[in-house]
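Report on the following structure.
Just so it is clear, none of the values below were taken in a lab; they were calculated from the coordinates. Note that this is a predicted model, so its numbers are computed, not measured. Neighbour counts are summed over all protein chains in view; Cβ atoms, including those assigned to glycine, are modelled from backbone coordinates with ideal geometry.
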Amino acid sequence: MAISTIDAGLLKKFFLAGAKNLEANKEWINELNVFPVPDGDTGTNMTLTIMSAAKEVSGLEGPTIETLSKAISSGSLRGARGNSGVILSQLFRGFCKEIKYVEEINVTVLANAFQRAVETAYKAVMKPKEGTILTVARGMADKAAELVDQTEDLEEFTVQIIEYGNYVLSRTPEMLPVLKQAGVVDSGGQGLMVVMQGVLDCMMGKEIDFSDIPQTSGSRAAAVPDQDIDTADIKFGYCTEFIIMLEKEYNEEKEHEFKQYLESIGDSLVVVSDDDIVKVHVHTNDPGLAIQKALTYGSLTRMKIDNMREEHQEKLIKDAEKLAKDQKEQEKAAKAAVSNKPYGFIAVSVGAGLDEIFKGLGVDYVIAGGQTMNPSTEDMLNAISHVHADTIYILPNNSNIILAAQQASSLVKDKRIVVVPSKTVPQGITAVLNFIPERSAEENAEAMAAEMANVKTGQVTYAVRNTVIDDREIHEGNIMGLGDHTILAVGDDIHDTTREMVDAMIDEDASLISIYYGQDVSRETAEALLSELEDAYPDMDVEIHSGGQPIYYYLVSVE
């Protein structure tokens with residue numbers, strides 16, 4: 001039977017079906033990454049992004065298209081990880097802006113939503129590249145606009161859009177030579193088509209089990225190891241959370257006033273605004289006061305109040321208590337300084353040694369993540385809430401994390417956020433070293449970017465599959481030396497491949513080689529490499545540090 005309209009109930013089912021299909025195929029999508037590294041993560045990042053939204057959607061009872069739109073947009077925005085995940089969240093955000101005020105979706109609404117999704121995603125990327133998920137999404141939007149006057153049957157409409165999307169996807173290797181040489185299509189585009197296929201399967205009557213999609217509940221605090229909590233130390237006993245569906249004016253001044261009020265009745269405060277909703281988390285002894293104040297801005301949903309003194313054995317409360325203790329330490333430091341300090345730093349890092357290096361350089365908050373697990377937009381927001389500074393510099397230290405950092409910065413209203421586009425850990429270290437407090441934020445951002453441009457980075461890891469890149473034949477198990485833009489060395493021995501990679505990085509301007517060895521390399525082995533490089537380059541300074549990073553045997557920088 002032909003479908004001419006989609007109501008809220010169907011929209012919920014279709015979205016969850018798309019999310020489930022992506023989750024089921026994430027490892028296949030991971031394998032489409034051009035570089036055959038063991039942490040190819042496009043499928044994982046896109047899945048974590050869409051499942052963050054799916055948890056929000058799954059928890060809605062009797063939803064409207066408006067409440068679904070807000071859940072999809074907010075959930076994906078905060079759960080976004082990696083460039084592919086951020087772009088997917090922006091596609092959802094634009095799509096939901098177009099549909100949120102309608103009662104039913106027909107082909108016209110759907111075509112307009114596709115177009116707005118593409119416009120929103122393209123605006124979010126500073127330098128859009130064709131042959132990617134953006135190209136595939138735009139192809140489907142163009143096809144939708146072409147078909148809108150030809151049929152009212154949404155099933156027929158969707159089939160033809162997906163067929164054209166798959167055609168555009170098949171052409172991505174012709175747009176990006178690196179895809180063609182590796183013999184793969186764009187992994188982000190493939191992920192998007194997997195979502196679309198899941199929607200179509202559900203539309204055509206395929207039975208899908210949604211029971212294993214968890215509903216969002218409880219605190220979003222990062223998990224910490226289980227520990228006993230002394231209830232006598234709990235100053236504010238009720239962990240209170242809710243979402244405000246804004247109905248009245250809520251500008252920066254109103255947000256500041258709201259935060260000040262909540263701080264006067266509690267602690268562990270997290271308030272995050274996004275379009276027409278405000279998410280609130282606070283510990284207080286009188287949840288009613290927080291709720292009454294919130295009601296002056298709009299209606300409330302997803303309210304949750306936990307008595308931390310009675311339920312402290314539950315993991316949720318342990319997480320909340322850990323967050324409270326961390327924030328108390330930050331509050332003490334802030335009070336000691338009377339007010340926010342002028343500037344602070346957040347860095348993404350992976351490995352105990354690298355964490356200590358950043359802390360030793362004065363970084364206030366280190367986010368665990370990096371190449372093997374890209375932190376989400378919400379991880380960034382959590383870090384920002386912990387740093388009491390007027391201006392905060394974020395060092396993503398990975399090209400696949402920059403968009404998430406920028407997305408987080410756009411959601412923060414009470415602090416100035418400067419995203420320094422560091423693509424590697426050595427670039428991030430160089431950026432911090434070149435920070436000068438007397439400069440303005442603009443001057444520092446410009447200077448740090450200029451100094452990072454002088455840093456060459458090499459990374460040594462192993463191949464997880466056979467491929468060909470830049471005419472280099474690579475076999476599963478090979479050791480690879482990855483440069484900033486291409487593969488610099490391939491071999492069977494870690495030491496020899498690292499030497500070949502470093503040799504390729506050296507030029508006449510080089511004066512310093514820094515080696516950060518990973519968790520699978522002993523200090524003795526690293527020192528042997530150090531000695532060999534000192535002999536090979538007597539006019540250069542060579543230094544080693546314990547990075548402790550997984551997956552990558554060595555990170556090497558040349559300046």
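Suppose the chain between Asp414 and Glu473 were pulled fully straight at 0.36 nm per residue; how much longer would it get relative to their current alpha carbon spacing?
Gain in length upon complete extension: 16.1 nm.
Using modelled amide H (1.01 Å from N, peptide plane; none on Pro or chain starts), what sits under 5 Å from the amide H of His545, excluding residues fewer than 5 places away?
Those qualifying (amide H under 5 Å, at least 5 residues apart or on another chain) are Ile515, Tyr516, Tyr517.
Within 10 Å, count the other beta carbons around each residue, average over each peptide in 115-125, 386-396, 409-419, and list them highest first.
My ranking of the peptides, most packed first, is 386-396, 115-125, 409-419.
How charged is the neighbourhood of Lys20? Take every other residue with its Cβ under 14 Å from the Cβ of Lys20, and add Lys/Arg as +1 and Asp/Glu as -1.
Net charge around Lys20: 0.
Could you line up Val542, Val420 from fewest to most neighbouring Cβ atoms inside 10 Å?
Fewest to most other Cβ atoms nearby, the residues stand as Val542, Val420.
Rounded to the nearest 0.05, what FRET efficiency do Ala450 and Val178 give with R0 = 30 Å and r taken as the Cβ-Cβ distance? Could you check?
Efficiency for this residue pair is about 0.60.
Do any of Lys206/Lys304; Lys97/Lys413; Lys70/Lys423; Lys123/Lys143; Lys55/Lys279; Lys127/Lys180 go past 23 Å between their Cα atoms, and which?
Exceeds cut-off: Lys206/Lys304; Lys70/Lys423.
Considering every pair of different Cα atoms, what Kirkwood radius, in Å, is found for the chain?
25.3 Å
Note down the net charge around Ile474, summing +1 for each Lys or Arg and -1 for each Asp or Glu among other residues with Cβ under 13 Å from its Cβ.
Value of the local net charge: -3.
Compute the FRET efficiency between Ser399 and Lys206 as 1/(1 + (r/R0)^6), taking r as their Cβ-Cβ distance and R0 = 51 Å, and round to the nearest 0.05.
0.85
Working out 0.36 nm times the residue gap between Met126 and Ala24, then minus their Cα-Cα distance, what length gain in nm do you get to one decimal?
Fully extending the segment from Met126 to Ala24 adds 33.6 nm.
Only Lys, Arg, Asp and Glu count, each charged at its Cβ (+1, +1, -1, -1), so figure out the dipole size of segment 456-558 about its Cα centre, rounded to 20 debye.
500 debye
Using helices alone, I'd like the mean residue ellipticity at 222 nm for the chain: each DSSP H run of four-plus residues gives -39500 (n - 2.57), total over residue count, nearest 500.
-15500 deg cm²/dmol
Given the pairs Lys20/Lys100; Lys129/Lys341; Lys13/Lys259, which span a C-alpha to C-alpha distance of over 31 angstrom in this model?
Among Lys20/Lys100; Lys129/Lys341; Lys13/Lys259, the Cα-Cα distance tops 31 Å for Lys129/Lys341; Lys13/Lys259.
Please turn the phi angles of segment 192-200 into ³J(HN,Hα) values with the Karplus equation 6.51 cos²θ - 1.76 cosθ + 1.60 (θ = phi - 60°), one per residue in order, whole Hz, x for glycine and proline.
So the Karplus estimates, Gly and Pro as x, are 5, 5, 5, 4, 4, 5, x, 4, 5 Hz.
I'd like the FRET efficiency for Lys254 and Asp535, computed as 1/(1 + (r/R0)^6) with the beta carbon distance as r and R0 of 60 Å, rounded to 0.05.
0.35
Mind checking which of Met126, Ile402, Gly288 is farthest towards the positive end of the chain's charge dipole, using Cβ charges of +1 (Lys, Arg) and -1 (Asp, Glu) about the Cα centre?
Gly288
For Lys304 paired with Glu263, estimate the spin-label separation in nm (one decimal), with each label point 7 Å from Cα along the Cα-to-Cβ line.
2.6 nm
Can you list which of the chymotrypsin sites (Phe, Trp or Tyr not before Pro) found in segment 240-283 are DSSP loop residues with at most 13 other C-beta atoms within 10 Å?
none
To make sure I understand, if each residue's beta carbon is the centre and we count other beta carbons within 10 Å, what order do Lys12, Lys55 fall in, fewest to most?
Lowest to highest Cβ neighbour count: Lys55, Lys12.
Please identify the GluC sites (Glu not before Pro) of segment 437-508 that satisfy two criteria: DSSP loop assignment and at most 14 other Cβ atoms within 10 Å. Which are they?
Within segment 437-508, the qualifying GluC sites (Glu not before Pro) (loop, at most 14 other Cβ atoms within 10 Å) are Glu438, Glu476, Glu508.
Mind checking which of Gly82, Asn251, Ile513 is farthest towards the positive end of the chain's charge dipole, using Cβ charges of +1 (Lys, Arg) and -1 (Asp, Glu) about the Cα centre?
Going by the charge dipole, the pick is Asn251.
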